[in-house]
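Just so it is clear, none of the values below were taken in a lab; they were calculated from the coordinates. Note that this is a predicted model, so its numbers are computed, not measured. Cβ placement follows ideal geometry from the backbone for every residue including glycine, while neighbour counts extend to all protein chains displayed.
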Amino acid sequence: MSLHNLKDVTYFDLNNEINIPVNGQIPLQKDQEALQAFLKENVQPNLMKFDSIKDRFDYLIENNYYEADFVNKYQMSFIEKLYQYLNDQNFHFKSFMAAYKFYAQYALKTNDNDSYLESFLDRVAANALFFADGDEKLAMDLADEIVHQRYQPATPSFLNAGRENRGEFVSCFLIQTTDDMNTIGRTINSALQLSRIGGGVGINLSNLREAGAPIKHIEGAASGVVPVMKLLEDSFSYSNQLGQRQGAGVVYLSVFHPDIIEFLGAKKENADEKIRLKTLSLGVTVPDKFYQLIKANADMYLFSPYDVEREYGVPFSYVDITKEYDNLVANDKISKKKIKARDLETEISKLQQESGYPYIINIDTANRDNPIAGRIVMSNLCSEILQVQTPSTVDNQQHYIKMGKDISCNLGSTNINNMMAGDDFGHSVESMVRALTFVTDHSNIDVVPSIQKGNKESHSIGLGGMGLHSFLAKHHMYYGSPESVEFTSVYFMLLNYWSLVASNKIAKERKETFGNFENSKYADGSYFDKYLDESFAPKSAEVKALFKDDWIPSKEDWEALKESVMKYGLYHQNRLAVAPNGSISYINDTTASLHPIINRIEERQESKIGKIYYPAPYLSNDTMPYYTSAYDMDMRKVIDIYAAAQEHIDQGMALTLFMRSTIPEGLYEWKNGRTDKMTTRDLNILRNYAYKKGVKSIYYIRTFTDDQQEVGSNECESCVI
């Protein structure tokens, strides 16, 4: 049966019956019936069979489906042993959605798209063998982590491992431009090249002079950032990965840039078509000073990047606005314009209500918590990557006069449910870190040398987590309760501790640290102060019970780790980040990222087949009360959860806020018990709350409207795990 032939199949209808209550009950058994029907009707007849494992690998290599190199690093007897181990684990998909998503998006298929060449275990084996790079023990460890779904490589890694015809293993990229035409041209070319190889691209535009600024002393000559944004949007539309997927990018601008109003206005639905941005995402970098001016209901000044760079000798992004604000205001050589801070705050909220944008990066918070020498100036397409960058300068031939340092995202995620059910948290994390280390070591993005340089120097990775809400519901904990916040803190404290141990171990083995380690807060030991001053061990009886089988580091253990890091260093400049989870969370049969669910029975629109229904993991009469929809939840509870994780995460998190256009009575006390329309004030309050709680970034604002539509719900497909 062809994979395209949907005649005589029953699994879609069975899955759709989940949405038809029977005697007032959700017929959850229909999902299992749909799963079994899908495996029987679609997978089993279309999965290519081989007489032996050796025959299978020979066929895949000879027909250019698999690379030969990664297979030839092992004896076939070991590969057979690994397969035997995987088969013995008795893996089964737990939902129809999990199996459907895997075979639709991840399983290798024949070139005519008529047969599957991989089962889930085959993809697990390819990942384990590929990322272990010939190390048999690590290959077995990775196979164990992935088949038990404690670890999930990011989509580009999981999808491409071992394939002959493949894209990159990294998820997304961050670049910036400076205030000259040569660098702008190089940036646009870089965006084209990075989009071509399958990455989402974040671009910092804050350094560009504003509209009306002088060019070669001619006043009013500069066009500002909006035309560059249009050029970038067109570039992503053109460079669309062989027509398979729209290129994706986000541009960031400082909230103190004179073009900020025009920047936001370009995303409005009623914007002039000459400037309107339809697909390009927007993000705003926000320093402490903006929140201070809002609180004081004061005027704020927007400063010319051109003049600031002339006065300070560095691009605008590298000037600490909060520290220098009064000096900037007083400096007559710096052009500026005045607006009301709260007017700009309202403009941001209006656009978030309308479109879900802009993302918010609390840039001073990110830099205050940054243990690395240098400055964070922007983020990525999903707002969880926060790493130091340095600017480049380019000559008239587009050659680097001075090559800066840019960023690639090497991501993976722990599955919180399965990690908590595992036997050895530390050993699991070490295996994951080593797999991600392979990705950063073998990433070679030569089309953008500044990214190639940054990756080579930093060895950065981003290990995160998903499945929090399902774990809490399974254990009868309400999302956002004090116990759930405490659990989140302890979990990410452990993830931080063990990733530090693993990075330190790799640095010791290789006698190599990330670039400029000696000037970091790790090298002088100050990074560890908070773990020596305060215990993050479980405190409540409920959370102690959850971690009763886990080893919790004491202050003495943190002290020993501090000494080892100061002596031997760390291999990775950055280690942790919580990305959004797309289809990969379905394959793991878990809830996405750290977010609460949207619906107990989620409805997904699949372009080829229509609607698919996905019950929340572990959904039963027993767990149903603990599955409150994100749209029916006080978003401060979500912020509290993310703030608890952020305390231990060196980068950021893709925090999404969920709002109804009509807010139910009593959901927010500042509504004074009234059922009321969501206002810009509500979003202002939540952004300020997130800032005060130490959250570094806010991703989308998703709004559920009165006509049952979602605004700002488009997934970051280029960047999701």
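Can you run phi through the Karplus equation (6.51, -1.76, 1.60; θ = phi - 60°) for the stretch 550-565 and list ³J(HN,Hα) in whole Hz, with x for Gly and Pro?
Using θ = phi - 60°, the values come out as 10, 6, 10, x, 8, 4, 5, 5, 5, 5, 5, 5, 4, 4, 5, 5 Hz.
Which GluC sites (Glu not before Pro) from the stretch 516-604 combine a DSSP loop assignment with at most 15 other Cβ atoms within 10 Å?
For GluC sites (Glu not before Pro) across the stretch 516-604 that sit outside H, G, I, E and B with at most 15 neighbouring Cβ atoms in 10 Å, the list reads Glu534.
Taking the radius of gyration and the Kirkwood hydrodynamic radius from Cα positions alone, what is the Rg/Rh ratio for the stretch 91-225, to two decimal places?
1.21
Count the DSSP beta bridges whose two residues both fall in the chain, then state the antiparallel fraction as a percent rounded to the nearest 5.
Antiparallel: roughly 50 percent of the beta bridges in the chain.
For the stretch 247-364, what is the Kirkwood hydrodynamic radius in Å, using each pair of distinct C-alpha atoms?
Computed over Cα pairs of the stretch 247-364, the Kirkwood hydrodynamic radius comes out at 14.9 Å.
Pairing the Cα long axis of helix 680-692 with the longest principal axis of the chain, what angle in degrees results, from 0 to 90 and rounded to the nearest 10?
So the inclination is approximately 80 degrees.
Which angle between 0 and 90 degrees, to the nearest 10, do you get for helix 341-355 versus the longest principal axis of the chain when only C-alpha atoms count?
30 degrees
For Lys340, enumerate residues with amide H under 5 Å from its amide H, sequence gap 5+ or separate chain, H modeled in the peptide plane.
Amide H neighbours of Lys340: Met300.
Among the DSSP beta bridges whose two residues both lie in the stretch 172-402, what percent are antiparallel, rounded to the nearest 5?
35 percent
Taking a threshold of 30 Å on the Cα-Cα distance, which of the pairs Lys336/Lys696; Lys101/Lys278; Lys81/Lys555 fall above it?
Where the Cα-Cα span goes over 30 Å, the pairs concerned are Lys81/Lys555.
Suppose the Debye formula is applied to equal point scatterers at every Cα of the stretch 450-569; what is log10 I(q)/I(0) at q = 0.11 Å⁻¹?
For the requested q values the scattering log ratios are -0.48.
Restricting attention to the stretch 381-475, which chymotrypsin sites (Phe, Trp or Tyr not before Pro) occupy a DSSP loop and are surrounded by at most 12 other Cβ atoms within 10 Å?
Loop-located and lightly packed - none at all.
For the pairs Lys637/Lys671; Lys539/Lys637; Lys350/Lys671; Lys268/Lys608; Lys323/Lys350; Lys230/Lys333, flag any whose C-alpha to C-alpha distance is greater than 24 Å.
Lys268/Lys608; Lys323/Lys350; Lys230/Lys333
Using label points projected 7 Å from each Cα along Cα→Cβ, tell me how many nm separate Asp343 and Lys216, to one decimal.
3.5 nm
Average projected area of the Cα convex hull of the stretch 172-402, in nm²?
13.0 nm²
For helix 482-510, report the angle its Cα long axis makes with the longest principal axis of the Cα atoms of the chain; keep it between 0 and 90° and round to the nearest 10°.
On a 0 to 90 degree scale, this one is about 90.
For the stretch 332-413, state which trypsin sites (Lys or Arg not before Pro) are in a DSSP loop and have at most 13 other beta carbons lying within 10 Å of their beta carbon.
Listed in order of number, the matching sites are Lys333.
Of Phe131, Tyr491, Phe50, which is farthest towards the positive pole of the chain's charge dipole, taken about the Cα centre with +1 and -1 on the beta-carbons of Lys, Arg and Asp, Glu respectively?
The one lying farthest along the dipole's positive direction is Tyr491.
For the stretch 327-371, what is the convex hull volume of its Cα atoms per residue in Å³?
Per residue, the Cα convex hull of the stretch 327-371 comes to 123 Å³.
Taking 10 °C and 1.306 mPa s as the conditions, I'd like the Stokes-Einstein D for the chain in µm²/s, using the Kirkwood hydrodynamic radius from alpha carbon pairs.
60 µm²/s
Assuming R0 = 30 Å, can you tell me the calculated FRET efficiency for the pair Glu669 and Arg368, based on Cβ-Cβ distance, to the nearest 0.05?
So, using R0 = 30 Å, E works out to roughly 0.50.
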